[in-house]
């Protein structure tokens, strides 16, 4: 194998590493988002059981269910965006390899795929920001209700 040929292979492999690092970061975020989704779903199931048994604060439970349902939708959207980001980064890596094999005829395709991946990550970050905010707001409402319940009789 001539030296220049070996250098080009190393350059291609090195170029393929950047999307791989972004794939690793995306996978980590996916694990976190899926864990959050599981927790929200578990909480929703608990609320539904309380709601079915005619808890004394039924209206508050209905409000909680609506908030947690919205949170679940946001986490779902986050996961979808992260999966799209993962696909874009895998596509970037494959496009870089294919581009080298066919003589660099793909033009901007690898870059466009990488930009899409980063945009999907940005969108997922905004969704998670909103979901975390909703989580804290929901917790605050639950605490306020608990304080209100305990104050009259103390």
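Quick rundown of the values:
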{"quantity": "Where labels lie 7 Å past Cα in the beta-carbon direction, separation of residue 34 and residue 146 in nm", "calculated": "3.1"}
{"quantity": "Model label zone, residue 137; criterion: amide N under 19 Å from point 7 Å along Cα-to-beta-carbon; scope region 78-92", "calculated": "78"}
{"quantity": "Label assignment, Cα extents along the principal axes in Å derived from the structure, set (1) 62, 30, 21; (2) 69, 40, 19; (3) 86, 24, 21", "calculated": "(3)"}
{"quantity": "R0 of 35 Å, Cβ-Cβ distance residue 50-residue 24: FRET efficiency to nearest 0.05", "calculated": "0.30"}
{"quantity": "Residues of region 27-54 with amide N under 15 Å of the 7 Å Cα→Cβ point at residue 119", "calculated": "none"}
{"quantity": "Length-normalised contact order for the chain - Cα pairs under 8 Å, 6+ apart - percent", "calculated": "29"}
{"quantity": "Segments 30-36, 74-80 sorted - mean Cβ within 10 Å per residue, highest first", "calculated": "74-80, 30-36"}
{"quantity": "Helical contribution to [θ] at 222 nm, DSSP H n ≥ 4, -39,500 (n - 2.57), averaged over the chain, rounded to 500", "calculated": "-33500 deg cm²/dmol"}
{"quantity": "Length released on extending from residue 57 to residue 76, taking residue separation times 0.36 nm less the Cα-Cα span", "calculated": "4.0 nm"}
{"quantity": "Residues residue 97 and residue 129, FRET efficiency given R0 of 30 Å [Cβ-Cβ distance, rounded to 0.05]", "calculated": "0.30"}
{"quantity": "Cα long-axis angle, helix 58-101 against the chain (0 to 90 degrees, to the nearest 10)", "calculated": "0"}
{"quantity": "Computed FRET value (nearest 0.05) for residue 106 with residue 65, which takes r as the C-beta separation and R₀ as 35 Å", "calculated": "0.10"}
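Read-outs throughout are calculated quantities, based only on the coordinates presented, and are distinct from any laboratory measurement. Source: prediction; values computed, not measured. Positions of Cβ are generated from backbone atoms using ideal geometry, with glycine treated the same way; all protein chains shown enter the neighbour counts.
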